[in-house]
Amino acid sequence: MFVAAIVFQTRRTVRGAPALILLLSALAWWDITYAIFWADTPAPTPYFWLDVTYLGVVIVPPALFVFSVQIARLSDWLKRPLAVLLYIVPLVILVLMFTDSHHGLFFAGKRTENSAFILDAGPVFWFNVIFSYTLVLFATLLLVGTFLRSSGLYRKQIGLVLVGMGVTWLNSIVFILGIHPLPGADNTPFSFTVAAIAFAYSLLRHHLLDVVPVARDVLIEKMEDGVLVIDDQNRIVDINLAAKNLLNISDDVFGKTVEQGFSHLGSSERDAINSSKTSFDIELEDESKTYLQAKVTPILDRREKPLGRLVILHDITRLKSIQTELHKLASRDSLTGAINRRHFMELAKRDLNRAKRYRRSLSLVLMDLDSFKKVNDTFGHQAGDQALLALKRVCVKGTRAVDVFARLGGEEFALLLPETDQESAAIIANRLRAALENTVIKSGVHKFKVTVSMGVTQCGVQKDDTLDAMLTRADKALYQAKGNGRNQVLIYRLEKN
């Protein structure tokens, strides 16, 4: 009765709760009236207290069966004609039992005073025995199936219920074998009391009926997306195989809080799972860096009160990879693979600000292929493309990883050299110029060479220097090199008045 009261007060709207309340109340009635009988309490008739126990006796099996069906999420079974059978049969049995003196179909006049055992009786009595044990058997099988399909906290809940059921079956075996610890007494109500205690422990220790279980069918287990259920106390109560694999966790996270179970995640990811966010990304620092998108849906009862959260995890690693490639394509020149003008301007402004802040050297080299139009006109545009690629290969090979090489457009390129003054930059530029001059370029049957002119400047030539000002100065030096005969490097010098 105590457990039934708890369920009624806290969980009566949850699936399976009404049937459990009825089951526990019927067990209490059965126990109390049976105890009153053995206490030799005065009654209107010798069998009065035994007869009224049947109000609990006939209710327990159907209530247990309904509870098991609902826990197994098979409520569709509880329709006609099965529902009619579950309600009508106990009522008919009670009527026939209380009117047995008129027809003898239940006891058949074979009752023994001061004994709760009925070893020989009428057809209705034996029909009730078969009907009751059939319901208990099916209830047990349903619970076993649910136990095998479930995992974590739900498996513990169902496992404890099955422990209680196992005691009732053990009692039945003892009865059949004739091993009676209390001669003349029926141990069945006491064994069901043990089942009720198991229910109570599952309810109070493992929070039976706290959250409506997620269906543990083949669909959920074979989903590529991860499914994670968290209750209103931030405990992990259910998780499918995909989620275990995606998050690289084992079964021991069940019943733990998000902070405990997902300690390998970053604090921001754990905070996001605990928050009211509906969607967020998780980056896992594993061998191949996995990205997950998490979508959170609140789990509410019929009164819209929160019971927990459903988290769906989708692997977006490939999508992230595609996005990275697209970003790379958007920032790269399609022909040479060098950084394009837009991205170069972003990086150059960043390095210029850093150079100003820390008072470091920063140089800029602008370069332009000499007589590029002549190459296209003489050998074809494919040869011109090969010339551009040759300059890119020479510059990438001859510079550092921190240096920024870019194609600004046409045959014009730029090279940004952090931590480098213009004198050192000119030396590097001359080395690159000489390397290109000595490179033989092949295009089809043609072999040829090209040269490049370069202009060099550095940050700080003028007060409050800007990137545009540096580009302008380097451009002036470049075209001065062009005017002086090409294939040379010139440093921008301030013009003297």
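Values computed for the structure shown
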| item | result |
| --- | --- |
| Contacts under 6 angstrom Cβ, first residue in the range 94-114 being over 21 Å from VAL60 (Cβ atoms), partner modelled with pLDDT under 90 and among the charged types (D, E, K, R), 6 or more apart | LYS110/ASP120 |
| Selection from the range 301-318 of residues that are more than 14 Å from ARG11 (Cβ to Cβ) and free of Cβ contacts under 8 Å to residues at least 60 places away in the same chain | GLU304, ILE316, THR317, ARG318 |
| Within the range 342-377, tally of residues that are touching a Leu at 6+ places or on another chain (Cβ under 6 Å) and either hydroxyl-bearing (Ser, Thr, Tyr) or surrounded by fewer than 16 Cβ atoms within 10 Å (Cβ to Cβ) (or both) | 2 |
| Failed item in (1) over 14 Å from LEU369 (Cβ atoms); (2) surrounded by 21 or more Cβ atoms within 10 Å (Cβ to Cβ), with GLU411 passing the rest | (1) |
| Flag if VAL402 is surrounded by fewer than 20 Cβ atoms within 10 Å (Cβ to Cβ) and touching a strand residue (DSSP E or B) at 6+ places or on another chain (Cβ under 8 Å) | yes |
| Within the range 114-142, considering residues that are of a type in the set (A, V, I, L, M) and at pLDDT below 85, the one farthest from ASN187 (Cα to Cα) | ALA121 |
| Counted residues, the range 315-340 - those being surrounded by fewer than 14 Cβ atoms within 10 Å (Cβ to Cβ), within 18 Å of LEU415 (Cα to Cα) and of a type in the set (Lys, Arg) | 0 |
| Condition check for PHE106: outside any helix (DSSP H, G or I), surrounded by 19 or more Cβ atoms within 10 Å (Cβ to Cβ) and modelled with pLDDT of 85 or more | yes |
| Inter-residue pairs, beta-carbon under 6 Å, first under 20 Å from LEU292 (Cβ atoms) and in the range 319-330, second among the hydroxyl-bearing types (Ser, Thr, Tyr) and surrounded by 12 or more Cβ atoms within 10 Å (Cβ to Cβ), 6+ apart | LYS320/TYR291 |
| Only one of LEU432, LEU494, LEU408, LEU471 that is of a type outside the set (Gly, Ala, Ser) and assigned to a loop (DSSP other than H, G, I, E, B) | LEU494 |
| Subset of the range 1-23 that is part of a helix (DSSP H, G or I) and closer than 19 Å to THR146 by Cβ - its residue that is farthest from the chain's Cα centre (by Cα) | LEU23 |
| The range 245-272, residues that are of a type in the set (Ser, Thr, Tyr) and in contact with an Asp or Glu (Cβ under 7 Å, 6 or more places away or on another chain) | none |
| Unique match (being among the aromatic types (Phe, Trp, Tyr) and within 30 Å of ALA355 (Cα to Cα)) among PHE413, PHE448 | PHE413 |
| Residue within the range 449-461 that is part of a helix (DSSP H, G or I), of a type in the set (Val, Ile, Thr) and surrounded by fewer than 18 Cβ atoms within 10 Å (Cβ to Cβ) present | no |
| Complete set of residues in the range 358-397 that are under 17 Å from GLU412 (Cβ atoms) and in a strand (DSSP E or B) | LEU364, VAL365, LEU366, MET367, ASP368, LEU369 |
| Entirely in the range 236-348, the helices (runs of 4 or more DSSP H) that have 3 or more residues that are farther than 25 Å from GLU224 by Cα | 317-330 |
| Filter pass, ALA406 being touching a helix residue (DSSP H, G or I) at 6+ places or on another chain (Cβ under 8 Å) and under 18 Å from PHE344 (Cβ atoms) | yes |
| Filter result (surrounded by fewer than 23 Cβ atoms within 10 Å (Cβ to Cβ) and either closer than 15 Å to LEU391 by Cβ or of a type in the set (D, E, K, R) (or both)) within the range 415-431 | GLU419, ASP421, GLU423, ILE428, ASN430, ARG431 |
| Among (1) surrounded by 17 or more Cβ atoms within 10 Å (Cβ to Cβ); (2) more than 27 Å from VAL52 (Cα to Cα); (3) at pLDDT below 80; (4) not basic (Lys, Arg) - the single one LEU204 does not satisfy | (1) |
| The range 335-354 residues that are of a type in the set (Val, Ile, Thr), paired with ones that are modelled with pLDDT under 95 and in a helix (DSSP H, G or I) (beta carbon under 8 Å, 6 or more apart) | ILE339/LEU347 |
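Here's the yes/no breakdown for (1) at pLDDT below 85; (2) among the hydrophobic types (A, V, I, L, M, F, W, C); (3) in contact with a strand residue (DSSP E or B) (Cβ under 6 Å, 6 or more places away or on another chain):
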position	(1), (2), (3)
ILE71	yes, yes, no
LYS79	yes, no, no
VAL84	no, yes, no
THR112	yes, no, no
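The values are calculated or read from the model by the stated rules, or taken from the named source; none is laboratory data. Being a predicted model, the structure only gives us computed values, none of them experimental. Quick reminder, even Gly has a Cβ in these numbers, built from the backbone with ideal geometry, and neighbours come from all protein chains shown.
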